[in-house]
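Below: the structure, in structure tokens.
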């Protein structure tokens, strides 16, 4: 039965569509790009750009040595060129000489100064500084400190040349440097504001900071001194600014989009899905004249994480410490039906491994995951000592409001085979913090690729990457997995490296520290007057080439 809330929303949507007619896209609007972040933004310091919201904001404000386009090709940014040594362990970058930080009173005459090599040395050392505690520090695990270089892993050869030294050849490294963690920041401003740099960001990006009323609104303005130009030699960006709101309710967000008060929404959720999409994930016919939709497979795996560290009290007291119970959960619900009923088939059921579709090492024939098999789940519960769920304690699944429908679907099907699943909701920021502190035993999570290599996914299960020093939030530890991971890191032959990746993925599926749900799809709805907004497998929002007609 359709809920009364959904009925009201559909009535409002119909009224807006009827009243807007075909004139909605022709409304006169400013040259400011408007979007909403329902989960909020936690920091404007790129050293803390670990979630999508902060990554997007950092991408507007900062630049790094290199960048990635919508086809996942690595392109120059502040570095105009680079070389990699024959042994794969020394990266040399040659910088542009026309890149300037945003204007700020801490610079001479209040004008942004030129970026030089030492700015990158400062920015990189800041990432690995334990006093800063950047969640991206683990990404520099392979840098090399050698005595004859004065223990310098990063070296400025002159004002426009930088060397980065690795301890082993590591093919994904150039892709890692496209991440927002490794943006350049000015030491004068960071040293002055210290931790409050999060509220006073100064970078080199296409937009510069204007104001941030936390929980309400953020405004960025065009950087008139931005160094990049388009193919015709026109200076970027085209927009005058960016306005970000923080409306928590996804349905209200969509209504504002329909009313042309937002230029774009990312992956609509909530009760509005059925009013937007058909059961096959296409736009409803009545919506196609109102706005455009962009889609692409997204390098994002949605999953449930299970803490498996026997040294933690919440693990030793939980039935989830048993592999058979974890496997039973994986067999115990229908991913295909879940995607059809709750996601309008946007995305792909995760019936293979943790590595998502879109990466070359993904292979569902080699890495066979879990498919719905309630009888097998019951057999596993019996083998674990809980026949028909008898004696099985209640298990709490922690999630956020945006994913409660998925968790309730899983809860219902698992309860039918003998589990007693309870759902506990937390705000998004609180949920992430509790996971980061290993306070939740069973939790919904996602991993969106930082760089397009499966190593980025498998790093979540390497024993030396335990959170908070890395992304291993399940505290999974397996000797064979670790050995394969270490071999793969230095393997330059792609075919052999992918083979190692698949062997690791098999171990993850067998040991089941996670419950893969689906491989995501990036979906963007944009107003008809927005031109130049692309979509990419990493779902990175880039606005420097966007126009509004």
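Coordinate-derived values only; no laboratory data. Nothing here was measured: the structure is a model prediction, and the numbers come from that model. Cβ coordinates were reconstructed from backbone atoms using ideal geometry, including for glycine residues, and neighbour counts include every protein chain displayed.
What to note about this one:
- Taking the centroid of alpha carbons for each part, the range 274-303 and the range 321-398 are 26 Å apart.
- With contacts taken as Cα pairs under 8 Å at a separation of at least 6 residues, the range 46-223 carries a relative contact order of 29 percent.
- Between residue 416 and residue 479, the modelled label-to-label distance comes to 4.2 nm, taking each label 7 Å out from Cα in the direction of the beta carbon.
- As a proxy for reagent exposure, ranking 487, 250 by other Cβ atoms within 10 Å from fewest up yields 487, 250.
- Treating r as the C-beta distance of residue 221 and residue 152 and R0 as 51 Å, the FRET efficiency rounds to 0.85.
- Panel order for 511, 408, by other beta carbons found within 10 Å of each beta carbon, from fewest to most: 408, 511.
- Once the Cα-Cα distance is subtracted from the 0.36 nm per residue extended length, the residue 191 to residue 310 segment shows a gain of 38.7 nm.
- Largest to smallest principal axis extent of the C-alpha atoms in the range 46-223, angstrom: 49, 35, 32
- Working note: 222 nm ellipticity from helices only, DSSP H runs with n ≥ 4, each -39,500 (n - 2.57), summed and divided by the residues of the chain, gives -8000 deg cm²/dmol to the nearest 500.
- Value of relative contact order over the chain, rounded to a whole percent, pairs C-alpha under 8 Å and six or more apart: 19 percent
- Among beta bridges identified by DSSP and lying wholly in the range 298-522, the antiparallel ones come to about 65 percent.
- Global geometry of the range 298-522, whether rounded, prolate or oblate, following the gyration tensor of its Cα atoms and the 1.5 cut on a/c: rounded
- Whole-Å distance, taken between Cα centres, linking the range 69-99 and the range 433-498: 26 Å
- The range 166-291 - Rg and Dmax from Cα coordinates, angstrom: 19.8, 57
- Semi-axis lengths (Å, descending) of the ellipsoid that matches the C-alpha gyration tensor of the range 375-509: 31, 20, 13
- Computed E for residue 429/residue 90 - FRET, C-beta separation, R0 30 angstrom, nearest 0.05: 0.15
- Sorting the segments 319-330, 211-222, 272-283, 237-248 by their residues' average number of neighbouring beta-carbon atoms within 10 angstrom, most packed first, yields 319-330, 237-248, 272-283, 211-222.
- Per-residue extension of 0.36 nm, minus the Cα-Cα distance of residue 549 and residue 240, leaves a gain of 110.0 nm for this segment.
- Theoretical gain in end-to-end length, residue 113 to residue 231 [0.36 nm per residue, Cα-Cα removed]: 39.9 nm
- When Rg and the Kirkwood Rh are both derived from Cα coordinates, the Rg/Rh ratio for the range 51-148 amounts to 0.98.
- Each of 183, 167 was scored by other Cβ atoms within 10 Å of its Cβ. Arranged with the fewest first, they read 167, 183.
- Protection proxy ranking, peptides 516-526, 252-262, average beta carbon neighbours within 10 Å, highest first: 516-526, 252-262
- In this label model, residue 390 and residue 368 are separated by 3.2 nm, measuring between points 7 Å along each Cα→Cβ vector.
- For the peptides 50-61, 473-484, the ranking by mean Cβ contacts within 10 Å, running from highest to lowest, is 50-61, 473-484.
- Gyration tensor (Cα) of the chain, equivalent ellipsoid semi-axes in angstrom: 38, 33, 20
- For the pair residue 210 and residue 531, a Förster radius of 22 Å applied to the C-beta separation gives a FRET efficiency near 0.40, rounded to the nearest 0.05.
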